[in-house]
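Notes for the one structure printed next.
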Amino acid sequence: MCLVDGDVSKLQMFRNIGFRQVKENETQLFYNSPNPAQVMNARLPILFITAISMLVFSLSANAFPKIPEEEGARNLEIFGKTFSTLEEWQTRAKRNRDGILKGAGLVPLPARSPLNAHSHSSKEMDGYSVENVHFESLPGFFVTGNLYRPLRKGGLSKFAGILCPHGHSKEGRVAEYTQARCASLARMGAIVFAYDMVGWNEDSNHVDHRKDKNVFAYQTWNSMRALDYLLSFREVDPSRIGVTGESGGGTQTFMLTALDPRVRAAAPVVMASAHFYGGCNCESGMPVHESKTHKTNNAEIAAMAAPRPLLLVSVGGDWTKNTPKVEFPYARRIYSLFGSSSNVDNFHLADEKHGYEFSKRKPVYRFLAKTLKLRLSQVTGDDDEITEKFFKPLPKEKLQVFNKEHPRPKHSLIGSEASLAALRKAQGKL
Ligand SMILES: [Zn+2]
């Protein structure tokens, strides 16, 4: 779930609670004390909190504007007029790539320091295993997550590698629907890494996800280092690397794919929109969409995957609702310049809302099975329909990276200042 939507729903929930409280208080106050001044006094904290919430919401809405849908479509038309040949598109794509990296403060890229990867608590499941992992994307800056591996080799000498970033849901990496996706892909023959958003839970706590201004840079760098981590396994085939995530994880999916040619197939889910770039610092908090030298949007950034296989999963119930007629045709035109129109597709669920439920996972399983040579038969029943009936979610505690038995290393960085200093030092800027 995107933060803006989350904020809206939280605010709505908050307002609803507020209304309920007012009603309950009114009843109770009327019963206990009908004095109007006391009624007003009881309401004041609620009114104050509601006013503050509305102010915060309006500030965040201004910070992360959602442009009109028509303007998003018009921007794509304007972008589309700047190229008509493959060479012109490649020049534009390079300018965008440079602009994104510069806007994120990732020029030059940090040095690739030793990952110092550690894993523990491997659990054998039905056709796959899960272990808890940490490694350092920068000295002292930890990427935390779970590694899912296929248990059966079945004649395979190498496995595909797939990254699974998550969106802004409360449970994040350990949400059941994220576990189900990773488990299924591992069963199908991929080594899968699900990793935390930066500062999203107790495992990843270097910075405050909501407040840190550089969280987009950390997450993008963490994704690149997560690829380094996957590729450090001898069993992973570098020609079969994929990434898929939803919402904020969709942003990470298409940003990484646009910036890192090692990704060979991408499936951003419910995120690649021409009129909304996500409502969090980790999506639109840095000037990556526009500078003096470039102007782009998420629809175009997703299309920068071309000519590598790309599946856009969209729904009627969020900002991807226009994908079949706006974002997808734009991407297809770019793919056609490469002579690879069949490498891009759109799976649109007109009646569905934001999320990464089973109905959205199924087309992604088919897409990744086809593009990364996975065995779909590992997740299909006798009727050839995809099923996750083998899957059993694990409790959060079993997926936790740092705990009493496995404490956080002492050199783990604390706070925005220390984290930014590590990033700049790794770039040779300090
Ligand atoms: Zn975020």
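Taking other Cβ atoms within 10 Å as a rough exposure proxy, Asp126, Asp212 sort from fewest to most as Asp126, Asp212.
Going by a ≥ b ≥ c, the root eigenvalues of the Cα gyration tensor, does the stretch 273-407 fall in the rounded group (a/c under 1.5), the prolate group (a/b larger than b/c) or the oblate group? Provide the component values of the computation, followed by the final result.
Numbers: a/c = 1.92, a/b = 1.25, b/c = 1.54.
Oblate, because a/c is 1.5 or more while a/b does not exceed b/c.
The modelled label-to-label distance between His120 and Glu171, using points 7 Å beyond Cα along the C-beta direction, is 2.4 nm.
Each pair of Cα atoms in the stretch 248-303 enters the Kirkwood radius, and Stokes-Einstein at 4 °C and 1.567 mPa s then converts it into a translational diffusion coefficient of 112 µm²/s. Annotation: extensible slack from Ser84 through Lys410 equals 111.9 nm (criterion: 0.36 nm per residue apart, minus Cα-Cα distance). A straight Cα-to-Cα reach below 17 Å connects Lys292 with the lysines Lys94, Lys102, residues fewer than 8 places away in its own chain not being considered. With both labels modelled 7 Å from their Cα along Cα-to-Cβ, the Arg424 to Glu397 distance reads 4.3 nm. Along the positive direction of the dipole of the stretch 140-223 (beta-carbon charges: Lys, Arg +1; Asp, Glu -1; about the Cα centre), which of Asn214, Thr178, Ile162 reaches farthest? The residue sitting most towards the positive pole is Ile162.
Potential lengthening of the chain between Glu69 and Asp208 amounts to 46.9 nm, from the contour at 0.36 nm per residue minus the alpha-carbon distance. When the square roots of the Cα gyration tensor eigenvalues are ordered a ≥ b ≥ c, the ratio a/c for the stretch 96-249 is 1.5 or more and a/b exceeds b/c, which makes its shape prolate. May I ask for the distance between the Cα centers of the stretch 202-235 and the stretch 237-278, given as a whole number of Å? Between the Cα centre of the stretch 202-235 and that of the stretch 237-278, the gap is 14 Å.
Once Lys and Arg get +1 and Asp and Glu get -1 on their Cβ, which of His134, Ser204, Val288 lies farthest toward the positive end of the dipole of the stretch 118-399? Value: Val288.
For the stretch 122-142 and the stretch 155-194, what is the centre-to-centre distance using only Cα atoms, to the nearest Å? First find each Cα centre; the distance between them is then 12 Å. Put in order of Cβ neighbour count within 10 Å, fewest first, the listed residues Thr387, Thr178, Thr82 become Thr82, Thr387, Thr178. Rounded if a/c is under 1.5, else prolate if a/b is larger than b/c, else oblate: which is the stretch 101-167, with a ≥ b ≥ c the root eigenvalues of its Cα gyration tensor? It comes out prolate by the Cα gyration axes. Around the amide H of Met125, modelled in the peptide plane, lie the amide H atoms of Val130, all under 5 Å away and 5 or more residues distant in sequence or on another chain. Positive contributions from Lys and Arg (+1) and negative ones from Asp and Glu (-1), summed over other residues with Cβ under 9 Å from the Cβ of His275, come out at -2.
Structure shown: which of Lys153/Lys213; Lys158/Lys425; Lys353/Lys429; Lys353/Lys398; Lys211/Lys325; Lys392/Lys425 lie over 32 Å apart, alpha-carbon to alpha-carbon? Could the numbers behind the result be given before it?
Working: Lys153/Lys213 44 Å; Lys158/Lys425 36 Å; Lys353/Lys429 44 Å; Lys353/Lys398 30 Å; Lys211/Lys325 36 Å; Lys392/Lys425 43 Å.
The answer is Lys153/Lys213; Lys158/Lys425; Lys353/Lys429; Lys211/Lys325; Lys392/Lys425.
So for Ile162, Ile241, fewest C-beta neighbours within 10 Å to most, what's the order?
On the way: Ile162 29, Ile241 25.
Lowest count first: Ile241, Ile162.
Distance between the modelled labels on Phe390 and Asp351, one decimal in nanometres: 3.0 nm (7 Å Cα→Cβ projection). In this structure, the amide hydrogen of His166, modeled 1.01 Å from its nitrogen in the peptide plane, lies closer than 5 angstrom to those of Tyr195, Met197, counting only residues at least 5 positions away or on a different chain.
Here, each number is a calculation from the coordinates, and none is a lab measurement. Fair warning: this is a prediction, and the values are worked out from it, not measured in the lab. Cβ coordinates were reconstructed from backbone atoms using ideal geometry, including for glycine residues, and neighbour counts include every protein chain displayed.
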